[in-house]
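Visitor: Quick one: the structure is below, and I'll ask about it shortly.
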Amino acid sequence: MYPLPSYPAAKGSIIDSHAHYNDRRFDGCREALLENLSRLGVKKVINCGCDFQLIDEVLALSNKYDFCFSAVGFHPENIPDGDIDFARLDKIIKENKKIIALGETGLDYNWRSDNKERQKDAFKAQLVLAKENSLPVIVHDRDAHADTLEILKEHRPTGVVHCFSGSVEMAQEALKLGMYIGIGGVLTFKNGRVLKEVAKEIPLERILLETDAPYLSPEPFRGKLNHSGLIIYVAEKLAEIKNVSVETVLSITSKNTEELFGI
């Protein structure tokens with residue numbers, strides 16, 4: 001079963017800018033959880049599909065739940081051995097009004113370091129597709145900071161660097177390009193020192209809150225099933241770092257998400 005926050009309800013002010021509610025870990029509790037998110041203060045969720053099968057699944061969630069929106073693309077771990085059918089992806093984007101971003105897409109040299117050039121080619125092609133469809137992008141970057149930043153500088157999309165794991169300097173470079181920084185449960189971890197430094201140095205107006213649900217649950221639920229209601233703990237930690245109220249954090253970050261994605 002999913003954990004429930006003990007923090008007071010967020011009064012409908014939480015927007016989760018990155019989740020995967022189609023993930024198999026939600027089998028058995030998905031419907032009950034999604035139908036109760038509003039009671040936990042959640043008003044909108046963006047689910048990310050990472051290949052054609054997962055795209056179909058997140059679109060089904062968007063069609064079923066008014067508060068769910070979809071981002072579609074190819075995660076670097078999901079790049080096929082053959083060519084990606086970008087014409088098919090383009091058709092899906094054009095036919096579904098609740099697709100509000102392309103992603104997640106990007107580079108991952110932690111899980112896959114044997115196909116860096118294929119990852120970079122797929123990432124660049126998706127940035128082009130996003131621009132053609134006037135969509136922001138959700139960027140995955142793991143152990144690939146230099147290449148990610150180089151490609152972002154080359155293509156200059158609008159969007160967010162999801163689950164940010166780079167340095168303060170990289171965050172500042174991303175901000176110069178107009179990107180937002182996605183922050184989730186890692187901010188609450190004891191070993192999340194670098195992310196805390198990033199959160200301290202960058203403006204609240206350039207931060208989006210996210211879960212990456214079902215992964216990366218914040219303390220005190222680390223290791224358990226993550227969900228959008230637990231963003232309240234990330235907001236609490238960010239409020240502490242910024243020396244502002246939790247309500248201020250939720251208000252500004254939710255506004256950021258709505259403005260970036262047009263939701």
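The values are calculated or read from the model by the stated rules, or taken from the named source; none is laboratory data. This structure is a prediction, so every number in the text was calculated from the model and none was measured. Here Cβ is always computed from backbone atoms with ideal geometry, including for glycine, and neighbour counts include all displayed protein chains. Please note that ligands, DNA and RNA were not included when accessible areas were found on the heavy atoms of the full protein model with its side chains. Shrake-Rupley method; radii C 1.70, N 1.55, O 1.52, S 1.80 Å.
Visitor: Please list, ordered by first then second residue, the pairs with beta carbon atoms under 9 Å, 6 or more apart or interchain, first in segment 252-263 and modelled with pLDDT of 95 or more and assigned to a helix (DSSP H, G or I), second open to solvent by less than 30 Å² (accessible area, probe 1.4 Å) and among the basic types (Lys, Arg).
Guide: That search, which allows pairs on different chains as well, returns nothing.
Visitor: What residue, among those in segment 89-119 that are open to solvent by less than 10 Å² (accessible area, probe 1.4 Å) and among the small types (Gly, Ala, Ser), is farthest from PHE164 (Cα to Cα)?
Guide: ALA101
Visitor: Hey, another quick one. Cβ-Cβ under 8 Å, sequence separation 6+ or interchain: first residue in segment 27-44 and more than 22 Å from THR257 (Cβ to Cβ), partner of a type in the set (Ser, Thr, Tyr) and open to solvent by less than 30 Å² (accessible area, probe 1.4 Å). Which pairs?
Guide: Listed pairs, sorted by first residue: CYS29/TYR2; ARG30/TYR21.
Visitor: Scan segment 200-225 for residues that are open to solvent by 20 Å² or more (accessible area, probe 1.4 Å), at negative phi and not hydrophobic (A, V, I, L, M, F, W, C) and jot them down.
Guide: LYS200, GLU201, PRO203, GLU205, ARG206, TYR215, GLU219, PRO220, ARG222, LYS224
Visitor: Could we say that VAL234 is β-branched (Val, Ile, Thr), in contact (Cβ under 8 Å) with a residue 40 or more places away in the chain and closer than 18 Å to VAL160 by Cα here?
Guide: So VAL234 passes the test.
Visitor: Please give the number of the condition ALA122 fails out of (1) within 25 Å of LYS44 (Cα to Cα); (2) open to solvent by less than 40 Å² (accessible area, probe 1.4 Å).
Guide: Just one mismatch for ALA122, condition (1).
Visitor: While we're looking at this one, here's another question. Restricting the first residue to segment 191-206 and requiring it to be under 14 Å from ALA174 (Cα atoms), which pairs with a second residue that is in a helix (DSSP H, G or I) and open to solvent by 10 Å² or more (accessible area, probe 1.4 Å) meet a Cβ separation below 6 Å and a spacing of at least six or different chains?
Guide: VAL198/VAL168; ALA199/ILE241; GLU201/VAL168; ARG206/LEU175
Visitor: Could you tell me which of the residues LEU135, LEU187 is among the hydrophobic types (A, V, I, L, M, F, W, C) and open to solvent by less than 10 Å² (accessible area, probe 1.4 Å)?
Guide: Selected residue: LEU187, the only one of LEU135, LEU187 that is among the hydrophobic types (A, V, I, L, M, F, W, C) and open to solvent by less than 10 Å² (accessible area, probe 1.4 Å).
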